[in-house]
Amino acid sequence: MESVRLFLAVELPAEAKRELGKLQDRLRLNGLENLKWVAPESIHITLKFLGHVKPGMVEPIKLETDKISSAFNPFDIGLKGLGAFPALSRPQVLWVGLSGEVGRLQILAGQIEEKLAALGFPAETRRFVPHLTLARVRPGTLPGELQALVEAVSKTGFNFACPVKVNSLNLMQSRLTPEGAIYTRLHQARLKLKQV
């Protein structure tokens, strides 16, 4: 059987996705229409990219995510700020930052790294930086366009006032198409720390 391309993520509520779509529209009006924009309904917080996985590994991953999520209570984060990777001076990926209980999100991501390493998934060598990807810079973008991006990001503020509840860990399948990636949730593991 063919392998499946998987990742673990926190999905966002519809209201947050709508606000991110409005932010993308504002940035397009600032001359940034030439970026490769992520569809608002596809924006999520990636906790770990698993890559191409044999179908026989899907069930063990589901079981492990259930175990991980059962050790956490739900918590809140906010969406705040704009930036770029690797740096605003050399933008390749445009992102929205997170606020609130980001430390708990980092602990959750750390647990995922540790537990899935036992299933044979290599640990990530880069530090986990929680963010939401809004857009990617297309190859061959001209210096003037990059400068417009830097200026637009510098003058555009973003702060989503409603808290986003992190209450599940989601195993997602990513299918790459010419129109962009299509994401399908394969499993949802609820955060539900049992009190003794």
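The values are calculated or read from the model by the stated rules, or taken from the named source; none is laboratory data. Computed from a predicted model, the values in this text were never measured in an experiment. Quick reminder, even Gly has a Cβ in these numbers, built from the backbone with ideal geometry, and neighbours come from all protein chains shown. Just so you know, the surface numbers come from the protein's heavy atoms only, side chains and all, with ligands and any DNA or RNA stripped out. Shrake-Rupley method; radii C 1.70, N 1.55, O 1.52, S 1.80 Å.
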Does region 43-65 contain at least one residue that is of a type outside the set (Lys, Arg), outside any helix (DSSP H, G or I) and farther than 22 Å from LEU186 by Cβ?
no
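How about region 1-12: which of its residues are in a loop (DSSP other than H, G, I, E, B) and either farther than 25 Å from GLU113 by Cα or touching a Leu at 6+ places or on another chain (Cβ under 9 Å) (or both)? First the steps, then the outcome.
Looking only at region 1-12, we keep the residues that are in a loop (DSSP other than H, G, I, E, B), and these are 1-3, 12.
Within region 1-12, MET1, LEU12 qualify.
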If we ask which residues in region 156-184 are among the small types (Gly, Ala, Ser) and over 30 Å from ASN30 (Cβ atoms), their number turns out to be 1
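Results for (1) touching a residue at least 40 places away in the same chain (Cβ under 8 Å); (2) open to solvent by 60 Å² or more (accessible area, probe 1.4 Å); (3) under 16 Å from the mean Cα position of the chain (by Cα); (4) farther than 15 Å from ALA109 by Cα, shown as yes or no for each residue.
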{"site": "LEU23", "(1), (2), (3), (4)": "yes, no, no, yes"}
{"site": "VAL38", "(1), (2), (3), (4)": "yes, no, yes, yes"}
{"site": "HIS44", "(1), (2), (3), (4)": "yes, no, yes, no"}
{"site": "LEU50", "(1), (2), (3), (4)": "yes, no, yes, no"}
{"site": "MET57", "(1), (2), (3), (4)": "yes, no, no, yes"}
{"site": "PHE72", "(1), (2), (3), (4)": "yes, no, no, no"}
{"site": "SER89", "(1), (2), (3), (4)": "yes, yes, no, yes"}
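Identify all residues within region 13-42 that are over 19 Å from LEU94 (Cα atoms) and either of a type in the set (Val, Ile, Thr) or not in a helix (DSSP H, G or I) (or both); write none if there are none.
Start the filter on region 13-42 by keeping residues that are over 19 Å from LEU94 (Cα atoms), which leaves 13-15.
Within region 13-42, just PRO13 meets the criteria.
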Against the conditions (1) at pLDDT 90 or above; (2) in a helix (DSSP H, G or I); (3) in contact with a strand residue (DSSP E or B) (Cβ under 9 Å, 6 or more places away or on another chain); (4) open to solvent by less than 40 Å² (accessible area, probe 1.4 Å), where does ARG104 fall short? Just the number, please.
(4)
Regarding GLU151, is this residue under 22 Å from GLY83 (Cβ atoms), touching an Asp or Glu at 6+ places or on another chain (Cβ under 8 Å) and of a type in the set (D, E, K, R)?
no
I'm checking my understanding of the structure. Among residues of region 1-21 that are under 23 Å from LEU98 (Cα atoms) and of a type in the set (D, E, K, R), which one is most open to solvent (accessible area, probe 1.4 Å)?
ARG18
Condition check for LYS80: charged (D, E, K, R), open to solvent by 10 Å² or more (accessible area, probe 1.4 Å) and part of a strand (DSSP E or B):
yes
